[in-house]
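Student: The structure that follows is given in the form of structure tokens.
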Amino acid sequence: MKKIKTYIARLVCAFKNRVFCNIAEGTHAGRITRVAKAEIPTSNLLVMAFGGGIKIAGATDRPIGVCSDCGEEGDVLDVVLPGSAESSIICIANGAVAEGDLLYSADGGKVSASVSPNCHKVGIALSSTSAGGVVEVDPQGFGMKAYEILACGLHTWEGGASTTDSLTISGIKENDCAFAVLAQAGGSETKVKAEVNPENSEVVFTLDANGSNGSTLINWMVVRNS
């Protein structure tokens, strides 16, 4: 009897979503219905487009939305589209989350307050929770890469016969990350590192040997947690 009730509930949910989510041919009002291409064991997980339907999104998969339903392979499920959402969304945390945290995609369709390589932004936490708990999320920037390139370029050494030189970048912040590689040596230098100095709005380059004006060339990039 429980299985019959669950099946009927899913049919009603699917019918309701098809009628009210699809407000015009080819358009959807904040949510959409899609066929599960693999089991989705619990609701409020991030899902990705897959084979004409959906499946749970991994930490590095670009999510299309949050599945507000659960079901087996072949079930028609409801997916919230945060990019056009008229409300906040509910997600499941893979670790502790504090109100105001930036949240990112994590393994198993969950969200994390920590950035991992190639993850995507989900939004901002509107509540706090512990690992495995539900968290209310304002889906700001949903689906965007966690990091964005703030600035990049080729720097020609102007620091003279010294191991340090700097480049002014307007608006640089303390949490921005700077990277650099030596594109051309002007002398015996072989390595370079880059550090952000927000007080002077600059990136500081440090070589392992003296640079040469006009000859030492450095490829650099500054990225920002979006």
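Student: Given all pairs of different Cα atoms, what value in angstroms does the Kirkwood hydrodynamic radius of the stretch 102-216 take?
Tutor: 16.8
Student: Angle between the Cα long axis of helix 2-20 and the longest principal axis of the chain, 0 to 90 degrees, nearest 10?
Tutor: That works out to roughly 70 degrees.
Student: So which aspartates and glutamates can K191 reach, going by Cα to Cα under 14 Å and dropping same-chain residues fewer than 8 places off?
Tutor: D165, D208
Student: While we're looking at this one, here's another question. Can you figure out the FRET efficiency of I149 with A38, using R₀ = 30 Å and their beta-carbon distance, to the nearest 0.05?
Tutor: My answer for the efficiency is 0.30.
Student: Using the Kirkwood formula on the Cα atoms of the chain, what hydrodynamic radius do you get, in angstrom to one decimal?
Tutor: When all Cα pairs of the chain are included, the Kirkwood radius is 20.2 Å.
Student: Using label points projected 7 Å from each Cα along Cα→Cβ, tell me how many nm separate V134 and A161, to one decimal.
Tutor: 7.0
Student: Also: Among A161, S130, N44, whose Cα sits farthest toward the positive end of the charge dipole of the chain (+1 at Cβ of Lys/Arg, -1 at Cβ of Asp/Glu, about the Cα centre)?
Tutor: About the Cα centre, the residue reaching furthest to the positive side is N44.
Student: Right, another one. Mind checking the stretch 135-220 for trypsin sites (Lys or Arg not before Pro) that DSSP puts in a loop (not H, G, I, E or B) and that have at most 15 other Cβ atoms within 10 Å?
Tutor: The qualifying sites are K173, K191.
Any read-out appearing in this document is the output of simple, stated calculations on the displayed coordinates, not a laboratory observation. What you see is a predicted model, and the numbers here were worked out from it, not measured in a lab. With ideal geometry, Cβ positions are generated from the backbone for all residues, glycine too; neighbour counts draw on all protein chains shown.
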